[in-house]
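Undergrad: Input: one structure, supplied below.
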Amino acid sequence: MLADPFELHEPASIAEAVALAKRYCGDVRFLAGGTDVLPGLFRGLHTVRHLIYLGRIPELHVFDPIRGVFGAQTSMASLERDPVVRQRFVAVSLAAHAAAGPALRTSATLGGNLLVDTRCTFYDQSRFWREANEGCLKADGTECRVVSQGSRCYAVYSGDMAPPLLALGATVDIEGLEGRDSKPLEDLYSPGGDGRLSHALPEGALLVAVRLRDPNLWSSYSKLRARGAPDFPEGSIAIGIHETDGRLDHFRIAVGGIDTRPLVMNEITRPWLGKPMSDEVVEATVESVGRRLHPVANTALLTDYRKHVVTRFLRTDLARYLALRSKELTSSTPAGRVG
Amino acid sequence: MNGIVGSRVPLVDGPLKASGSALYTADLTLPGMLHGAIVRSPEAHARIVSMELWRAMEEPGVSAVITGDSYPRSFGVLPITRDETMLAVGKVRFRGEGVAAVAATSPEAAQRAARQIKVIYERLPEYEDPEASAATVTEKIHAHSPGMTNLQKEVRQEFGPVEEAFRTAAHVVTVRGKFPGVTHAALEPHAVLAHYTPDDRLTVWSSTQVPHYLHRALSEVLDIPEHRVRVIKPEVGGGFGGKGDPMPHEIVAAALSRETGRPVRIVLSREEVFYLNHGRHPTRHTLKLAADAEGHLMGFDLDALIDGGAASSFGTVTTYYNGVLATGPYRIPAFRYHGRRGYTNRPASGAMRAHGSVNTRYSMEVAIDMLAEELRMDPMALRMRNFLSPHTTTINEFRITSNSVVRCLEASRARSSWDTKYRKLPVGRGIGVACGFFISGSNSPIHFTPPFPQSTVHLKIDVDGGVTIHSGASDIGQGSKTIVSQIVAEVLGIPLARVRVAAVDTDSAPVDLGSYSSRVTFMMGNAARCAAEDMLRQWQKAAEEITGRPSAEFRAHDGRLEAPGNISISYLEAVHQAMRHHGALQSSGAYESPSLGGKFKGARAGTSPAYSFAAYVAEVEVDVDLGRIHVKKVWAAFDCGRPLNPMLVEGQIEGSIHMGLGQLLGEEMRYRGTRLMNPSLLEYRTLSPVEMPEVECLLVGEEDPEGPFGAKEAGEGPLPPVLPAVANAVYDAVGLRFTELPLTPDRVWRALRQKERGGGLQKPPAPKVDAR
Ligand SMILES: Cc1cc2nc3c(=O)[nH]c(=O)nc-3n(C[C@H](O)[C@H](O)[C@H](O)COP(=O)(O)OP(=O)(O)OC[C@H]3O[C@@H](n4cnc5c(N)ncnc54)[C@H](O)[C@@H]3O)c2cc1C
Ligand code: SF4
């Protein structure tokens, strides 16, 4: 498998990068670590003739865990290893550690991870394979191969970094055609509902940085994968919690690896704000979250199992929080696991 | 003894490989070289109605386009089942089969041109189930199958009073096993470089385990006399059986080179390697064991149905091996085997590490565990009661020589603290045992009529004092270069650094039947020892000429030839003296396998001059909530005879355990009908380093009387026992028997839930009878 020929551009500034993206609109991709873009190119999943390499833009390399600012080009390896990140944003560190494998993490970036393509057994294949299977909705075909008569695509959002950042309430800086904008990370993933795209970033817009404000949240990240490495999530869950005077003032849950976009469970968690975390909250939350999980059979593991494990993770992670809370250790205590 | 044999010498080619200086086939280039690409069929079973080639011919940089009609002669690793062609002729039999090939100035140009080739197919009925292949079909995959079936091979064997054994047995256990296909997943994808030159000679460099079989196939298909074909084997990045057959792309590269007069290189993509496959067969079988009230085995009955895919490959041997290799290491008085291998429209299966024996071994060892439970006996004790003794003959007339299986079992039992753990660990934790048995080389060569030696080694030494070893045996990463160097250096009493192994080149190396069936150490090792002894005699004679002392008095040691009375000359003095008569010295040694086996049909399948034995214990933890099996530790007691290099043996054991656990826990060639769903190393899940358990190797074998310096095999036998040892440990942990692989966490979780609904998880009953 070889990629079709393409031209590589190496801008030195954000302005230059956005201008290039505009010039080649419709025929261009940003190239960060390339660990997702390049396999896609080799497999003919995208056939652009221009790649804009982001590695030479200094602003994208900002790495300031004290202020909670992470440029899009931050490597997964540095998020995984940095002691300050590990201490202040536990779930971020755990998620970075759980993504892909060690070699990939040295080139893979945070920005690329947030915008990684959705995945499906029938899509992540070579051009030869897909043609022999007459394609599907997401690439060169007219029917979904997973859900018969499906009019939408169910490909799975499979990035590891989005759930913890969503649970921690991250915002993102975006450089678009109309200039710089800052918005909640979840805006990047709404409205969702169709796996043909993994995010809602307009074409040509550049993700500049991710910002995390509050370093005092308790957080966890648990991931289900077929093997210990380097597999994508088959279901993952991140939790961010903070209580002041025994009452929840931050309670967010995000699920990855199940639906076409990361699922933020605000409507489930919001009603509990102002109340103390308790067994009752855990029970009700686990049950409501479970009802929102509808995986389809387009990854390696069985769907009922994926659903079971995600709710199981949620229960054990919340229980761990409760246990720590009773010992009055409410912040920055490592939690979460990779299942 | 010079102490080189038996010591932990690092691989002689290790520094080259670790530093990236070793040259693999894909590293090789020649001036004017072209790149080949193969057009593959999107259909699994279809007639080729037409092919439009002209567009590809007109693409820039294209030098040749060929189809199966250029060289339609069929080939196959076994002369009795030649049913592969370099490219499809008339019809395609599996998705991914080559239908045309292009040679162009760059890989990109070749691929672009390949995409321009339009083929029109007429679909035929597809067969995905060997059961259907064994019944009447409407469309035959190969014309030569019997009647209107797609059967490739059927074996029936019966020894001893089977019916009576099962009628009178106190206990009968049955295992219905189901195993998907798995594949080798060697790190290096297949690659070939072929150069047909104007002097009507063909030279082919290929990543192959058996240069000799490739040599023959090239000659036959391309109709070039064997003496004008030369095969060179560069470094090989793993084979595991997947590079043992002559393969279509090797012939295609040669054909393209002949067509263009230029060198042509083809490097397969990982996906193409999956379509090439020739991996372990998907199998379903029913295995029954009968025993008396004391636990003596009385009968063994096996019915196996094997999915061969679209070609024979080694399949005839596989069909026999599924049965005959399952009897040892046990004494079985009655044995019946029925095996069928059907063609299907899937990539062909073939030989893979521990060829033909893994799936049956699994069910056999699980059956013994079940039997032990029925008898309320410790499974170690039950095994002890039924082992073959050394120097005996099996029911199917295999000659057994050295056999340390008892020591293996004792060692793994002691080291694992079995007696304090079996049925005594808390629910969720368990320990299990399984044994193994494998050939040290197939006794009957595939090709040789009239009989020639299985292996020949030549040595050469010139004025520089370095000994060059010429052998046709392939080092495919397993370390055979190191072993042959150790043997030669040991006999000649010179340092390892004075020995070098020439690259395998059929122009200069004597024939060796290659690296498969775990034959190299035993057979090439014996040949090397003879060659070195022949060389030593020349040195001793020269020493006599120099010193006047009788040659027989000289011993080779530390680079010198020494005789009693403080007489000592350097080996180089002797070499130079001997060279006065005829220049550089040469010597030769050969290994001929003995005549073995019974007189019945298929009697030679599974015969070997020696067998390895094994007894493994595995300890596991089952996460009942998540369905995950964590293998904590494996105690691997192995009888490879005398380990010539314990470090390499341990490497083989660890690698085998890694590979076996991959098959047990995750690997599966996943099909939807005839469509392979996971032809990539991300979705085809070999074991990751995270899952690899601690392994303690226990090398407890005794010297084998016929092996070189007492050695037997260690390349394949270490694999099979680990799968059932873990499965039996899982049973000990949670009381669940798994007879279908792989044990992925979701499937384990489902089974656990069912079990919980049916009354909860608990430890199986403990044995009543004492372990001994
Ligand atoms: C074997 C394997 C295993 C993997 N396992 C995992 C896993 O377990 N978990 C996981 O999350 N991922 C996994 N990945 C995917 C991938 O490695 C990671 O998601 C990685 O973080 C992507 O980052 P990148 O820099 O390589 O992205 P790239 O491939 O460079 O880019 C990904 C996408 O983001 C776009 N993009 C990148 N940066 C920007 C930006 N600043 N602004 C706008 N668009 C941008 C690109 O155009 C592209 O569409 C795996 C990949 C492989 C090959
Ligand atoms: S979910 Fe359906 S449409 Fe989407 S990638 Fe998979 S098969 Fe294609």
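The values are calculated or read from the model by the stated rules, or taken from the named source; none is laboratory data. Everything numeric here is computed off the predicted structure, so don't read it as measured data. Please note: Cβ atoms are built from the backbone with ideal geometry, for glycine as well, and neighbour counts cover all protein chains shown.
So that you can scan it fast, the table gives a plain yes or no per residue for (1) among the acidic types (Asp, Glu); (2) out of contact with any Phe, Trp or Tyr (no Cβ under 6 Å at 6 or more places or on another chain); (3) assigned to a strand (DSSP E or B); (4) surrounded by fewer than 21 Cβ atoms within 10 Å (Cβ to Cβ):
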residue: B:698; (1), (2), (3), (4): no, yes, yes, no
residue: B:709; (1), (2), (3), (4): no, yes, no, no
residue: B:718; (1), (2), (3), (4): no, no, no, no
residue: B:725; (1), (2), (3), (4): no, no, no, no
residue: B:728; (1), (2), (3), (4): no, yes, no, no
residue: B:747; (1), (2), (3), (4): no, yes, no, yes
residue: B:756; (1), (2), (3), (4): yes, yes, no, yes
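Undergrad: Among all residue pairs at least 6 apart or on different chains, which show Cβ distances below 6 Å where the first residue, located in the stretch B:323-338, is over 24 Å from residue B:639 (Cα atoms) and the second is of a type in the set (Phe, Trp, Tyr)?
TA: B:335/B:159; B:335/B:300
Undergrad: Of all the residues that make up the stretch A:78-100, how many are within 14 Å of chain B (Cβ to nearest Cβ) and farther than 30 Å from residue B:95 by Cβ?
TA: 3
Undergrad: Could you tell me whether any residue of the stretch B:728-738 is within 14 Å of chain A (Cβ to nearest Cβ) and touching a Pro at 6+ places or on another chain (Cβ under 8 Å)?
TA: no
Undergrad: Could you check how many residues of the stretch A:166-198 are surrounded by 14 or more Cβ atoms within 10 Å (Cβ to Cβ), in contact with a helix residue (DSSP H, G or I) (Cβ under 7 Å, 6 or more places away or on another chain) and either under 18 Å from residue A:13 (Cα atoms) or at pLDDT below 95 (or both)?
TA: Of the residues in that region, 1 qualify.
Undergrad: Identify, from the list B:179, B:166, the residue that is over 22 Å from residue B:243 (Cβ atoms) and within 27 Å of the chain's Cα centre (by Cα).
TA: Of B:179, B:166, the one residue that is over 22 Å from residue B:243 (Cβ atoms) and within 27 Å of the chain's Cα centre (by Cα) is B:179.
Undergrad: Oh, and also: Return the residues of the stretch A:120-144 that are surrounded by fewer than 22 Cβ atoms within 10 Å (Cβ to Cβ), in contact (Cβ under 8 Å) with a residue 24 or more places away in the chain and charged (D, E, K, R); say none if nothing qualifies.
TA: Scanning the stretch A:120-144 gives a single hit, A:127.
Undergrad: Name the one entry in A:119, A:130 that is among the basic types (Lys, Arg), over 25 Å from the mean Cα position of the chain (by Cα) and within 11 Å of ligand 2 (Cβ to nearest atom).
TA: None of the others qualify; the one that does is A:130.
Undergrad: Within the stretch A:99-116, how many residues are farther than 23 Å from residue A:237 by Cβ and either within 14 Å of ligand 2 (Cβ to nearest atom) or among the small types (Gly, Ala, Ser) (or both)?
TA: Number of matching residues: 2.
Undergrad: So, one more: If a residue has to be on the phi < 0 side of the Ramachandran plot and near ligand 1 (Cβ under 8 Å from one of its atoms) to count, how many in the stretch A:99-125 make the cut?
TA: Here the count works out to 15.
Undergrad: Condition (residue is touching a helix residue (DSSP H, G or I) at 6+ places or on another chain (Cβ under 8 Å), away from chain A (no Cβ under 14 Å), of a type outside the set (A, V, I, L, M) and not in a strand (DSSP E or B)) applied to the stretch B:268-279: is it met by at least one residue?
TA: No, that holds for no residue.
Undergrad: Further question on the same structure: Identify, please: which residue in the stretch A:221-241 is among the aliphatic types (A, V, I, L, M) and surrounded by 24 or more Cβ atoms within 10 Å (Cβ to Cβ) and is, among those, nearest to ligand 2 (Cβ to nearest atom)?
TA: This residue is A:224.
Undergrad: Identify, please: which residue in the stretch A:145-164 is closer than 29 Å to residue B:95 by Cβ and more than 14 Å from chain B (Cβ to nearest Cβ) and is, among those, surrounded by the most Cβ atoms within 10 Å (Cβ to Cβ)?
TA: The selected residue is A:155.
Undergrad: Could we say that residue A:117 is touching a His at 6+ places or on another chain (Cβ under 9 Å), within 14 Å of chain B (Cβ to nearest Cβ) and in a loop (DSSP other than H, G, I, E, B) here?
TA: Taking the combined requirement at face value, the residue satisfies it.
Undergrad: While we're looking at this one, here's another question. Of the residues that sit in the stretch A:287-312 and are within 16 Å of ligand 1 (Cβ to nearest atom) and assigned to a helix (DSSP H, G or I), which one is surrounded by the most Cβ atoms within 10 Å (Cβ to Cβ)?
TA: Only one residue fits best here, namely A:310.
Undergrad: Also: Got a sec? Which of A:302, A:318, A:324, A:314 is at pLDDT 95 or above and farther than 27 Å from residue A:193 by Cα?
TA: After applying the criteria, what remains is A:318.
Undergrad: When you scan the stretch A:315-324, how many residues do you find that are within 21 Å of residue A:225 (Cα to Cα) and either within 13 Å of chain B (Cβ to nearest Cβ) or without any contact (Cβ under 8 Å) to a residue 40 or more places away in the chain (or both)?
TA: 2
Undergrad: Related question: Take the residues in the stretch B:1-41 that are more than 30 Å from residue B:347 (Cα to Cα) and not in a loop (DSSP other than H, G, I, E, B); name whichever of them is nearest to the other protein chains (Cβ to nearest Cβ).
TA: B:18
Conditions tested, residue by residue: (1) under 20 Å from residue B:433 (Cα atoms); (2) away from chain A (no Cβ under 14 Å); (3) in a loop (DSSP other than H, G, I, E, B); (4) without any contact (Cβ under 8 Å) to a residue 12 or more places away in the chain.
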position	(1), (2), (3), (4)
B:595	no, yes, yes, yes
B:602	no, yes, yes, no
B:605	no, yes, yes, no
B:612	yes, yes, no, no
B:633	yes, yes, no, no
B:637	yes, yes, no, no
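Undergrad: Let me ask something else. Among B:249, B:296, B:285, which is the only one that is within 28 Å of residue B:657 (Cα to Cα) and away from chain A (no Cβ under 14 Å)?
TA: B:285
Undergrad: Condition (residue is assigned to a helix (DSSP H, G or I) and either surrounded by fewer than 20 Cβ atoms within 10 Å (Cβ to Cβ) or in contact with a Gly (Cβ under 8 Å, 6 or more places away or on another chain) (or both)) applied to the stretch B:660-675: is it met by at least one residue?
TA: no
Undergrad: Of the residues A:241, A:253, A:237, which is in a strand (DSSP E or B), within 14 Å of chain B (Cβ to nearest Cβ) and of a type outside the set (Ser, Thr, Tyr)?
TA: Result of the check over A:241, A:253, A:237: A:237.
Undergrad: Additional query: If I ask for residues that are away from ligand 1 (no atom under 16 Å from the Cβ) and in contact with a helix residue (DSSP H, G or I) (Cβ under 7 Å, 6 or more places away or on another chain), which ones from the stretch B:673-708 would you list?
TA: B:676, B:692, B:695, B:696, B:697, B:698, B:699, B:700, B:703, B:704, B:707, B:708, listed by residue number.
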